[in-house]
Amino acid sequence: MAEKEKTFEIRDMDLYYGNFQALKKVNIDIYKNDITALIGPSGCGKSTFLRSLNRMNDLVEGCRIEGRLLFDGEDLYGKDCDVIALRKKVGMVFQKPNPFPKTIHENITYGPKLHGQKDKKKLDEIVERTLREVGLWEEVKDRLHKSALGLSGGQQQRLCIARCLSVEPEVILMDEPTSALDPVATTKIEALVQDLASKYTIVIVTHNMQQAARISNRTAFFLTGEILEIDDTEKIFTNPSNPKTEEYITGRFG
């Protein structure tokens with residue numbers, strides 16, 4: 001069997017906020033077109049790790065990273081890394097839907113315009129393509145020039161995913177994308193994430209163990225800043241190697 005292509009290779013990664021060490025010797029490969037779930041109790045480093053994959057931690061004062069982090073074989077933290085180009089390739093969807101206080105159309109065209117796209121016809125095509133990708137087109141095609149803030153929470157989150165897709169990323173990072181949503185909206189987002197994996201590499205932080213089991217190919221279990229175990233999701237949930245993983249997924253702590 002051909003070896004799967006790696007999108008990220010992380011070796012011996014340490015992350016510090018000032019003197020506090022938030023991540024310790026993290027080693028993980030993230031494969032192309034996989035959905036990789038990051039699970040573990042609150043404050044264990046999942047979101048910190050996720051944000052380091054598109055250098056959002058650069059915005060945190062006193063944050064320092066050591067170790068080797070490669071994205072498509074290139075040094076993520078090397079002096080030649082163009083952070084703006086990186087964030088175009090590695091998009092982010094947050095816990096709470098955060099549409100801009102603009103129209104639906106303006107939300108989606110914001111990124112492409114920022115990257116120099118001025119052709120109105122092309123921008124309209126991007127809006128339709130991305131809204132179709134997230135299953136929103138039929139719901140909103142008659143109100144593209146109305147405020148995005150008028151959408152329901154689940155629609156807003158799908159719009160934020162469409163906005164992320166508008167610049168044609170390779171990777172989508174998701175930080176608990178359904179934690180603010182009701183069960184019906186959550187089901188729609190989960191189905192969408194699985195559909196998107198045919199085109200994108202997805203890394204998702206989730207507190208919902210059933211969600212990780214349902215939608216991911218691989219799962220990494222974080223505890224106190226370390227990855228205690230990473231494996232195929234089915235193995236993690238049915239036959240974990242580390243007793244701590246088993247304790248966590250069976251609800252004995254966390």
task: Would you please give the FRET efficiency between residue 102 and residue 235, computed as 1/(1 + (r/R0)^6) with r the Cβ-Cβ distance and R0 = 41 Å, to the nearest 0.05?
output: 0.40
- request: Can you tell me the 0 to 90 degree angle between the C-alpha axis of helix 153-165 and the longest principal axis of the chain, rounded to 10?
  value: 90 degrees
task: Using only Cα atoms, find the angle between the long axis of helix 104-114 and the longest principal axis of the chain, and express it within 0 to 90 degrees, rounded to the nearest 10.
output: 70 degrees
- prompt: How many times 2.2 N^0.38 Å is the alpha carbon radius of gyration of the range 146-222?
  reply: 1.10
message: Ranking request for peptides 140-151, 163-174: highest mean number of other beta-carbon atoms within 10 Å first, then the rest in descending order.
response: 163-174, 140-151
field: Proximal charge balance of residue 234 [Cβ under 15 Å; K/R count +1, D/E count -1]
entry: -2
- line: Lys and Arg at +1, Asp and Glu at -1: neighbours of residue 216 with Cβ under 15 Å from its Cβ sum to -4
query: What shape does the range 127-190 have by the C-alpha gyration tensor, where a ≥ b ≥ c are the square roots of the eigenvalues, rounded means a/c under 1.5, and otherwise prolate means a/b greater than b/c and oblate the rest?
result: oblate
Gain on full stretching of the segment that runs from residue 145 to residue 32 - 0.36 nm per residue minus C-alpha separation: 37.1 nm
- line: residue 16 and residue 125 label points (each 7 Å along its Cα→Cβ direction) are spaced in nm at 5.0 nm
- line: Note to self, the chain gives a 222 nm [θ] from helices alone (DSSP H runs n ≥ 4, -39500 (n - 2.57) apiece, / all residues, nearest 500) of -10000 deg cm²/dmol
- prompt: Looking at the square roots a ≥ b ≥ c of the eigenvalues of the Cα gyration tensor of the range 4-100, which shape do they give, rounded for a/c under 1.5, prolate if a/b is larger than b/c, or oblate?
  reply: rounded
task: Would you mind computing Rg(Cα) / (2.2 N^0.38 Å) for the range 92-241, counting N as its residues?
output: 1.13
message: How charged is the neighbourhood of residue 24? Take every other residue with its Cβ under 10 Å from the Cβ of residue 24, and add Lys/Arg as +1 and Asp/Glu as -1.
response: -2
- request: Obtain the nm distance between the two label points defined at residue 187 and residue 25 by a simple spin-label model: each point lies 7 Å from its Cα along the Cα-to-C-beta direction.
  value: 4.5 nm
message: What is the ratio of the Cα radius of gyration of the chain to 2.2 N^0.38 Å, with N the residue count, to two decimals?
response: 1.02
message: With just the Cα atoms defining each centre, how far is the range 103-156 from the range 178-253? Give it in Å.
response: 29 Å
field: Hypothetical label at residue 74: residues of the range 183-200 whose amide nitrogen lies under 19 Å (7 Å Cα-Cβ projection)
entry: 200
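None of the figures in this text is laboratory data; all of them are computed from the coordinates on show. Keep in mind the model is a prediction, meaning the values are calculated, not measured. In this analysis, Cβ positions are derived from the backbone assuming ideal geometry, glycine residues included, and neighbour counts consider all displayed protein chains.
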